[in-house]
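Derivation of every value follows stated rules applied to the coordinates shown; laboratory data play no part. This one's a predicted model, so the numbers in the text were calculated from it and none came from an experiment. No Cβ is skipped: glycine too gets one built from the backbone with ideal geometry, and neighbour counts run over all protein chains shown.
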2 protein chains.
Amino acid sequence: MAFAFQLQATNGAARAGLVTTTHGPIETPVFMPVGTQGTVKGLTPEMVRDAGAQIILGNTYHLALRPGDELIRDLGGLHKFMNWPGPILTDSGGFQVFSLATQVKITDEGAKFRSHIDGSPLELTPERAVEIQQNLGSDIAMVLDECPSLKETTPAKVRAAVDRTIHWAARCKAHHTRTDQVLFAIVQGGLDINLRATCATELVAMDFPGYALGGFSVGEAPEAMHAALPACAALLPEGKPRYLMGVGRPQDLLAGVASGIDMFDCVMPTRNGRNALAFTADGPIRLRNAKHRRDSTPVESGCGCYCCANYSRAYLHHLFSAEEMLGPTLLSLHNVAFYLRLMREARQAITEGRFEAFHAGCLARWNTAS
Amino acid sequence: MAFAFQLQATNGAARAGLVTTTHGPIETPVFMPVGTQGTVKGLTPEMVRDAGAQIILGNTYHLALRPGDELIRDLGGLHKFMNWPGPILTDSGGFQVFSLATQVKITDEGAKFRSHIDGSPLELTPERAVEIQQNLGSDIAMVLDECPSLKETTPAKVRAAVDRTIHWAARCKAHHTRTDQVLFAIVQGGLDINLRATCATELVAMDFPGYALGGFSVGEAPEAMHAALPACAALLPEGKPRYLMGVGRPQDLLAGVASGIDMFDCVMPTRNGRNALAFTADGPIRLRNAKHRRDSTPVESGCGCYCCANYSRAYLHHLFSAEEMLGPTLLSLHNVAFYLRLMREARQAITEGRFEAFHAGCLARWNTAS
């Protein structure tokens, strides 16, 4: 097993590192485009790679339901199935069970729920989450965790979720056998730094090869997350990769990097791309806006991505007006390229000891954008 | 102006030729993928080119309505707008007015109608059809014709449409000024060979650089079309390219080639691709069918297209089941590649004097497919 993490440079709490996996190296900080159902929506793997992606994410819950993890295993694994030869990280499915499935019932044994596709009854235990990910054959697998919302839960519920997350992590580790795949642990605990510390201490004692912060995803309470991130990240071992799950907006990624996070994933670049919203160095722009109708400039001047190198805002505006598939494809591609470039630039700034100025400069440009 | 047509080989009535245009050469017989709204649906121009396309089609009616031909002209023309550097043929918009617009009223002056997008009142005259196409800057423009359905019209209506088509062709020719673009005439006349002959004689006397057969498109009465094609094609000048508009299925293209047609366009490969139907040398297959769920073979064995080189039927089945955009993209790509390869193989067979056997072999395989 070729997995390793090398810390290459630090700048304040921010870190530049190198993760080595079975399917190749990853320079951190890194953004991982999300390929929920075995495809980064609307993009070929070559487009994703050419946009600069080094690793993508696949979703255990979705793939286990459809087409099925055993089918993917029998066809040679997820890399071959989806034609992505580089590293893949799979989540544990826990977050999707809590956010997508219906009639969810959680016990210490695991989660019982009904499929959001056909209503069929299913069960996800720590052992089953590991089995699925071993069948998929990802380079980095995640433990099953209980993932309560930051907004809608009580202290007692958060504490119970932390206890369960710790026990489930131990069961996942005991069940994990695949030697070409590593298993990362997930620290829960909401906004309670003492609970986060308890969770981290227990999990660090189990000696996982990498650690994630869960429970911060999908734009919930971003200011609270920004405030909590430095202390939470500091709970994780310095010599192992740190992954902030499901986050977020460009400013959230930079807050994570500033706190010492190495890895990120989020559906925002592709989801917003499908909805005609583009991220740029001067802030977001909406391509459906009539002001772009005759605009011969690219989505983002200076961006070297395929979309910006070859097409005008006017053309993108037209594609979205005419509901042509190529619009979502091109703008997803640009947004993924933007996120990837942002992390490359952050890494460069860390290496050169100027991350704080880089961070402040980005925020200033985005906040002043029209 | 670089336009030329060179007849390179004949085999029975079938022909192999070379069309030279401002934006490059075209080996015939050729299939032209349809980019109705300034994009071949779901594909990047590079995908279209890599599938083997030498020329694509744009739709005058759609582009004039949205984003507007003057906007495209101001942004540098259709080639630049859509990032397709090769040859483009634009239709006249007549067929779409008759099939898509509402409240269509035709007089000798032109067609008055309402936009299918927003109901706004519009007019398409022969002069306006030429102006639009000159604004778009296509390599090959088409005259405005009146295009009655093969099935739903009376002999008197067909005769009136032929008369109008002849007069409109003369007006288009008189109005056409762009020297880097040629204007093809369209022969109408339905299934009446005498009317077709009248129409062709009049149009040939006007000395257009190329001729099309109109009124056969979109799968109407294919047997009647197959029966009429040899005589209709023979009405067109031997030394100029012959274009069968809007046709059709693979067997219809081969019937056209056998009759001496050089150019074809049709939405079938992309439309069927979006609906999970793939064309193959052994006949069509439906990727949604459950029998493909675990099939590790490509859509078409031996096909060298990007889809078949990299993905299994099982993956395509999954993409269509999960309603992922990449499914329509990959299968549109394969189908376009199939049509382009069919024409390349037909050309090769003509050059080697074995087109009849090639034609019979294709039909035998398609007819015996399950």
Express the relative contact order of segment A:277-370 as a whole percentage, based on alpha carbon pairs under 8 Å and six or more residues apart in sequence.
-> 31
Counting DSSP beta bridges in chain B, what percent are antiparallel, to the nearest 5?
-> 50
Only helical DSSP H runs with n ≥ 4 go in: add -39500 (n - 2.57) per run for the protein assembly as shown, normalise by residue count and round the 222 nm mean residue ellipticity to 500 deg cm²/dmol.
-> -13000 deg cm²/dmol
Can you pull the percent of Cα pairs in segment B:187-336 with separation above 28 Å?
-> 36
Here segment A:56-71 yields Karplus 3J(HN,Hα) values (6.51, -1.76, 1.60; θ = phi - 60°; whole Hz; Gly and Pro given as x) of 10, 10, x, 9, 4, 4, 4, 6, 5, 6, 7, x, x, 6, 6, 4
What average number of partner chain Cβ atoms lie no more than 10 Å from the Cβ of the residues making up A:31-42?
-> 3
Give me Rg over Rh for segment A:277-370, both radii from the alpha carbons and Rh done the Kirkwood way, two decimal places.
-> 1.03
For segment B:129-230, calculate the relative contact order in percent as a whole number, restricting contacts to Cα pairs under 8 Å that are 6 or more residues apart.
-> 30
What pairs in A:LYS105/A:LYS173; A:LYS80/B:LYS41; A:LYS41/B:LYS41 have C-alpha atoms more than 18 Å from each other?
-> A:LYS105/A:LYS173; A:LYS80/B:LYS41
Bin width 20 Å, alpha-carbon pairs only: give the P(r) of chain A as whole percents, running from 0 to the bin holding the largest distance.
-> 30, 59, 11, 0
Sorted largest first, the Cα spans of segment B:171-227 on the principal axes come out in Å as 39, 23, 15
Can you tell me which of A:303-316, B:329-342 comes out highest on packing, and rank the rest after it, using the mean Cβ neighbours within 10 Å?
-> B:329-342, A:303-316
Quick note, segment B:1-157: a/c under 1.5 would make it rounded; otherwise a/b > b/c is prolate and the rest oblate (a ≥ b ≥ c, C-alpha gyration tensor); here it is oblate
Give me Rg over Rh for segment A:134-251, both radii from the alpha carbons and Rh done the Kirkwood way, two decimal places.
-> 0.95
Shape category assigned to segment B:68-214 from the gyration tensor of Cα positions, a/c cut at 1.5 | oblate
If N is the residue count of segment A:93-173, its Cα Rg over 2.2 N^0.38 Å rounds to 1.09
Counting only DSSP beta bridges with both residues in the protein assembly as shown, what percent are antiparallel, rounded to the nearest 5?
-> 50
Once you have the Cα-Cα distance between B:THR154 and B:GLU352, take 0.36 nm times their residue separation minus that, and quote the gain in nm to one decimal.
-> 67.0 nm
When the Cα atoms of segment B:74-133 are enclosed in a convex hull and the volume is divided per residue, what value in Å³ results?
-> 107
Rg over Rh [alpha-carbon atoms, Kirkwood Rh] for the protein assembly as shown | 1.05
Please tell me the relative contact order of chain B in percent, rounded to the nearest whole number, where contacts are Cα pairs under 8 Å and at least six residues apart.
-> 17
Across the residues of A:77-90, average count of Cβ atoms on other protein chains within 10 Å?
-> 2
Cubic angstrom per residue, convex hull over Cα atoms of segment A:282-334 | 69
Given the peptides A:170-178, B:111-119, A:131-139, A:187-195, arrange them by the average over their residues of other C-beta atoms within 10 Å, most packed first.
-> A:131-139, A:187-195, A:170-178, B:111-119
Just going by the charge dipole of the protein assembly as shown, with Lys and Arg at +1 and Asp and Glu at -1 on Cβ, which of A:PHE320, A:THR280, B:THR297 is farthest out on the positive end?
-> A:PHE320
